[in-house]
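The values are calculated or read from the model by the stated rules, or taken from the named source; none is laboratory data. From a predicted model like this one, the values you see are computed outputs, not experimental measurements. Here the Cβ positions follow ideal geometry from the backbone for every residue, glycine too, while neighbour counts run over all protein chains shown.
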Amino acid sequence: MRPTRRTTLAIGAGGLVAAVGGYEGWRLLRKRYPPTPYDDLLSQLSDREAARELGRAFLSQHGKFTLPHAASALRARIGTKPLPAVLASEIAAGELIEAGHWLVPETLAGLCALAAKI
């Protein structure tokens, strides 16, 4: 069978739909959470449930934590930089804190504590 222009366009369009679906599909399949004033920070966590566990461990060891103050400090610390770059620079500078017998970057501990409080 000789391909025609119509079959070539149909196959090309199907491939484009599959590529876009694969690229953007994770947004449709990920768990949804009620909106909060801290979504700009919480959206940077890939697994909010695991973050909550680590956040609860952090909060049990470090009692002074208020949402508005922590969110303000996190926004200032992260700024417009990508989170992995912030975490890498904290690791390099030794800015680590204990949370549940783990040493984690301070920003990650703060984000996890924020998730645990929400």
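Data overview
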quantity	calculated
Evaluation of Arg56 against (1) under 15 Å from the mean Cα position of the chain (by Cα); (2) touching a residue at least 40 places away in the same chain (Cβ under 8 Å); (3) part of a helix (DSSP H, G or I) (one fails), failing number	(1)
Filter result for the condition that a residue is among the polar types (S, T, N, Q), surrounded by fewer than 10 Cβ atoms within 10 Å (Cβ to Cβ) and either outside any loop (DSSP other than H, G, I, E, B) or at pLDDT below 95 (or both), over Thr7, Thr80, Thr107	Thr80
Segment 83-104: number of residues that are in a helix (DSSP H, G or I) and not β-branched (Val, Ile, Thr)	9
